[in-house]
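Here's the structure we're looking at; comments come further down.
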Amino acid sequence: MSLVRNTMTIGGLTLVSRILGFARDTLMARFVGAGFASDAFLIAWRLPNLFRALFAEGAFSAAFVPMFSRIMGQEQRQGRDGLPAALRFADQVLSVLLPFLIIFTALMMLAAGPIVWAMTGGFPEGGTGDGGGKLALAVEYTRITFPYLMLISLVSLLGGILNSVDRFWVNAAAPILLNICMIAGLLFFRGHSDVDTARTQAIAVTVSGAMQLGWLIWACRRAGVSLRLRAPRLSPDVKQLLKLIWPAALGAGAVQFNLLISTTLAARFLPQGSVSYLYYADRLNQLPLGMIGIGVGTAILPVLSRHIGSGDAAAANDTQNRAIELVLLLTLPAFAGLMFSSLPLIQGTLQYGVFTYSDAVASAAALTAFASGLPAYILIKVLVPGFYARADTRTPVRIALAAMAVNLVLNLVLVWPLAHVGLALSTSVAAWVNVGLLWWTLRRRGDLVLDARLRGRALRLIAATAVMAASLFLLNPAVAPLMRGHVLHRVLGLVALIGPAAAIYFGAAFLLGAFRVGELKALVRRRRA
């Protein structure tokens, strides 16, 4: 499959998941709001999400997929079917992974109290918040949600196998079940108070993990993939996997670590609702990140691994250049829209029920700050595979640690004058530091050379983005009254804002020569070795 086609498959399904996720967040804003219960739930939800990003998805895939593919390739070069040998390796991984996950999950649930306290400082007492009550609620929710980590880690193992045999769509579709479960909880099983409704959400998280695991087991059996649980043994291949996972975990989790730091500071030092403002802003910012960044990053890794494994450095460089070109084409309009139309977007999607206008203004300010780093977040997903495909998981973690240090310093500097907006802005600046260091390192090694085509088109895309940004200043006041109306009015307002702005961007990009329709069609049709 071509890079573009794989990206469209993964990105399209991820976009469906993110849209459903945002529908879920809209319902949560309506029924839970931005206050006591939502802050407690979001703290609890942050923990399994953090470990999922560190181990279950980013790090595990970065280490497991290249090793699984390499074992398959070695067998195929000798004229044998590579899948059985690769599955024996997966059996060994499962036999070590499952006992570890059971013990780790149990320990985290037992230690939920001190862990949540360390994240929040116990929440501030006095004012409008009940620190002790909120802490107890966050601990309760954490114990309910944490089994999700164990379940989603097993999902990632099976999904990595399916990705390695080019069945990307199955794993990409799994997160849709999470959002369906949480939406069903909000619509049909919510309680009489925001506390009860948030508890229902916590239960729905763990239920969704079981459903996703069932979905992947079914899909694997349909693909002829079946794993056996053996006695745990640290074979040479498993030891190599573990060596690759730990640095990859820190590298893949840099953004999550930055968000965790921001959440901790917001919970401890800022007014009630600040955690929720950051969360809702980040969720809207995650829509393009999910479709573009995760789609391209997942699709590019096996392609780069094959090119590098065959010694075709030129093809590997061309793949990364075209990937960067693709993400710029798709990311820059999202960047402009979220930056310059943050308030109408937040109002149109979230300002319902107990989510007030002041909540919308506060969330929109955080969204503007987050969106300033959107291109960097997505470029990280494209550049890091350039290291992983060369079995280098250590360099990205060193770079990620440097970016985290920048984020921490800026958090401490900006949280006081800018409150939650300063925390969001710090995360964006840290992402730009991360992507700059990744690019500089690849360039210094000779592993990535930006070709003339990419450089020229990037300038044209920036010019098209400026044209779109100018148009948004005219569109925003025109659609503002619709964003405060009934659901149909809001939908019309969002269409009236997004449709013309997108048409202006792609029209300007086409007229400036930033892309050609024929080339995009050829990319979709082309198959890569």
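The values are calculated or read from the model by the stated rules, or taken from the named source; none is laboratory data. This is a predicted model, so every value here is computed, not measured. Glycine gets a Cβ as well: all are built from the backbone with ideal geometry, and neighbour counts include every protein chain shown.
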Inset, instruction - Quick one: residue 396 ticks every box in (1) surrounded by fewer than 24 Cβ atoms within 10 Å (Cβ to Cβ); (2) of a type outside the set (Ser, Thr, Tyr); (3) within 25 Å of residue 441 (Cβ to Cβ); (4) in contact with a Pro (Cβ under 8 Å, 6 or more places away or on another chain) except a single one, so which number is it? - result: (1)
Legend entry - Members of segment 401-424 that are in contact with a Phe, Trp or Tyr (Cβ under 8 Å, 6 or more places away or on another chain) and among the hydrophobic types (A, V, I, L, M, F, W, C): 404, 415, 424
Inset, instruction - Just name the residue that is surrounded by the most Cβ atoms within 10 Å (Cβ to Cβ) out of those in segment 259-271 that are among the polar types (S, T, N, Q) and under 12 Å from residue 120 (Cβ atoms). - result: 263
Inset, instruction - May I ask you to verify whether residue 405 is small (Gly, Ala, Ser), more than 17 Å from residue 375 (Cβ to Cβ) and under 27 Å from the mean Cα position of the chain (by Cα)? - result: yes
Legend entry - Tally of residues being polar (S, T, N, Q) and more than 19 Å from residue 91 (Cα to Cα) across segment 148-170: 0
Inset, instruction - Give segment 187-199 a look and list any residue that's under 11 Å from residue 31 (Cβ atoms) and crowded, with 21+ Cβ neighbours inside 10 Å, or say none. - result: 197, 198
Inset, instruction - Only one of these is at pLDDT 75 or above, touching a Pro at 6+ places or on another chain (Cβ under 9 Å) and crowded, with 22+ Cβ neighbours inside 10 Å: 316, 336, 323. Name it. - result: 323
Inset, instruction - Among the residues of segment 181-198, count how many are in contact with a Ser or Thr (Cβ under 9 Å, 6 or more places away or on another chain), more than 19 Å from residue 136 (Cα to Cα) and either charged (D, E, K, R) or not in a helix (DSSP H, G or I) (or both). - result: 2
Inset, instruction - Could you grab the pairs with beta carbons closer than 7 Å, sequence gap of 6+ or different chains, first residue in segment 162-177 and surrounded by fewer than 21 Cβ atoms within 10 Å (Cβ to Cβ), second one not in a helix (DSSP H, G or I) and not small (Gly, Ala, Ser)? - result: 166/1
Inset, instruction - Output the helices (runs of 4 or more DSSP H) that fall wholly within segment 6-119 and possess 3 or more residues being within 30 Å of residue 193 (Cα to Cα), aliphatic (A, V, I, L, M) and modelled with pLDDT under 85, or say none. - result: 36-51
Legend entry - Test for residue 346: is it under 25 Å from residue 176 (Cβ atoms) and either among the small types (Gly, Ala, Ser) or at pLDDT below 90 (or both): no
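Residue-by-condition table, conditions (1) over 30 Å from residue 95 (Cβ atoms); (2) modelled with pLDDT of 85 or more; (3) of a type in the set (Asp, Glu):
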{"position": "236", "(1), (2), (3)": "no, yes, no"}
{"position": "239", "(1), (2), (3)": "no, yes, no"}
{"position": "244", "(1), (2), (3)": "no, no, no"}
{"position": "248", "(1), (2), (3)": "no, no, no"}
{"position": "258", "(1), (2), (3)": "yes, no, no"}
{"position": "262", "(1), (2), (3)": "yes, no, no"}
{"position": "271", "(1), (2), (3)": "yes, no, no"}
{"position": "274", "(1), (2), (3)": "yes, yes, no"}
Legend entry - Residue list for segment 448-496, restricted to those being part of a loop (DSSP other than H, G, I, E, B), surrounded by fewer than 19 Cβ atoms within 10 Å (Cβ to Cβ) and touching a residue at least 12 places away in the same chain (Cβ under 8 Å): 449, 450, 451
Inset, instruction - Working only within segment 132-151, note down all residues that are aliphatic (A, V, I, L, M), closer than 15 Å to residue 201 by Cβ and under 26 Å from the mean Cα position of the chain (by Cα). - result: 138, 144
